[in-house]
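Report on the structure given below.
The values are calculated or read from the model by the stated rules, or taken from the named source; none is laboratory data. This structure is a prediction, so every number in the text was calculated from the model and none was measured. A quick note on method: Cβ atoms are made from the backbone with ideal geometry, for glycine too, and the neighbour counts reach across all protein chains shown. Calculation scope for accessible area: heavy atoms of the full protein, side chains included, ligands and nucleic acids excluded. Shrake-Rupley method; radii C 1.70, N 1.55, O 1.52, S 1.80 Å.
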Amino acid sequence: MDFSHIRDNFENLKEDTSKENLKNGLISKEDALKLFNISKGNDYLNLFSIASEVRDYFKKEIEIISSIHITNICSVNPKCYYCGFAAGTSKEGYYEPFRTTDEEIKNSAIAIEKSGIMRVSCSSAHGYGGKETLRTLKIVKENTNLEVLVNAGADFTENCIKELKKHDIDIICCNLETINNKVFKSVKPGEDLENRINICKLVKKYDINLSSGLLLGIGESYEDRANHLLFLKELPVDEIPIMGFNPYKDTPMENHPKCSALEQAKTIAISRLMFPDIRITSPTPTIGAELVQFALMGGASNIATVIPDNHPMNIKGVGNPKTGNLKEVVKMIEELGLTPKIKK
Ligand code: SF4
């Protein structure tokens, strides 16, 4: 595949990084579809090379975000077919119901900050109108200077979003997973895509940063992925988590094939070319903690679900139980000549 026009577009963008040029990105939908269909090693190398260059131009450091899980007691019924997080879904996951106490949240946040990590993702299952994330946000902000992302899927009321803003939320995450309604329903029969889209729009209505991502390998087509990315551009999104499907035992999708690290890295790279300057996130459990370097080569700028040794809770990944250890993730970032964003 010929990458010269993408390189030319990058040179032009460097000359003029206006909002409009950044929004246009470096590739069209047609280019994205061609890139999704590459199969030669050399094309992958060229794609990763330019995506990394673009990331390095706009992002001088690789961000790292840790996790606090608030509760796994989820009111969605039936449970999402891939979910290993909610109580009773997978013996590999938490399985037993839990609700993290105020004290546990405080101790986890303090430990994360002490480790040098500067951001934390706090996620809650459905059924609380987002109030569990508000409780957590207040505790984390009262006790640390961590940047806070909260995620409760579609389970936010408008009032709760306003309250989160009042309490200095940094970013709210609501993943659409896929924009193809049929595919969405086939893996999340207890949820409506429309509700998730509405939450994304509400977050933007209150001028709060929005994170919204893709779950790869659940039956969506390349065209769906390209349409999804274009939809995110219009919201507009401030962070895109790119997650590969990674099966949890005992769930209805335990035999569904895992999305490969290469496929994830390719999607990250295409996203980087469409969104040159935004935060693109790869959670360690969904790519496989040991394969994070693929995501970095694809142009990811943020590694999620990174757990320091001193984290007081036994955190399991969402998407796969295995999380990334801080020391190992830092080592992997540095091995690629990149700089982790961490307080020394
Ligand atoms: S993925 Fe989220 S919404 Fe779906 S069952 Fe699991 S915790 Fe509930």
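If you check every pair at least six apart or on different chains, which have Cβ atoms under 6 Å apart with a residue in the range 247-267 that is part of a loop (DSSP other than H, G, I, E, B) first and a residue that is open to solvent by 70 Å² or more (accessible area, probe 1.4 Å) and not basic (Lys, Arg) second?
Pro247/Glu254; Pro252/Tyr81; Met253/Tyr81
Can you pull out the helices (runs of 4 or more DSSP H) entirely within the range 127-220 that have at least 3 residues that are buried (at least 19 other Cβ atoms within 10 Å of the Cβ)?
Where helices (runs of 4 or more DSSP H) fall fully within the range 127-220 and carry at least 3 residues being buried (at least 19 other Cβ atoms within 10 Å of the Cβ), they are 131-143, 158-166, 193-205.
Restricting to the range 95-122, give me the number of residues that are open to solvent by 20 Å² or more (accessible area, probe 1.4 Å) and either within 16 Å of the ligand (Cβ to nearest atom) or among the aliphatic types (A, V, I, L, M) (or both).
Of the residues in that region, 8 qualify.
Can you spot a residue in the range 233-241 that is in contact with a helix residue (DSSP H, G or I) (Cβ under 9 Å, 6 or more places away or on another chain), over 25 Å from Glu20 (Cβ atoms) and not acidic (Asp, Glu)?
The answer is yes, given that some residue of the range 233-241 is in contact with a helix residue (DSSP H, G or I) (Cβ under 9 Å, 6 or more places away or on another chain), over 25 Å from Glu20 (Cβ atoms) and not acidic (Asp, Glu).
Just one of Ser52, Ser75, Ser67 is part of a strand (DSSP E or B) and among the small types (Gly, Ala, Ser); which is it?
Ser67
What are the pairs with Cβ atoms under 9 angstrom where one residue, in the range 78-90, is at positive phi and among the small types (Gly, Ala, Ser) and the other, located anywhere, is open to solvent by 30 Å² or more (accessible area, probe 1.4 Å) and within 6 Å of the ligand (Cβ to nearest atom)? Sequence gap at least six, or different chains.
From the range 78-90, the pairs are Gly88/Lys79.
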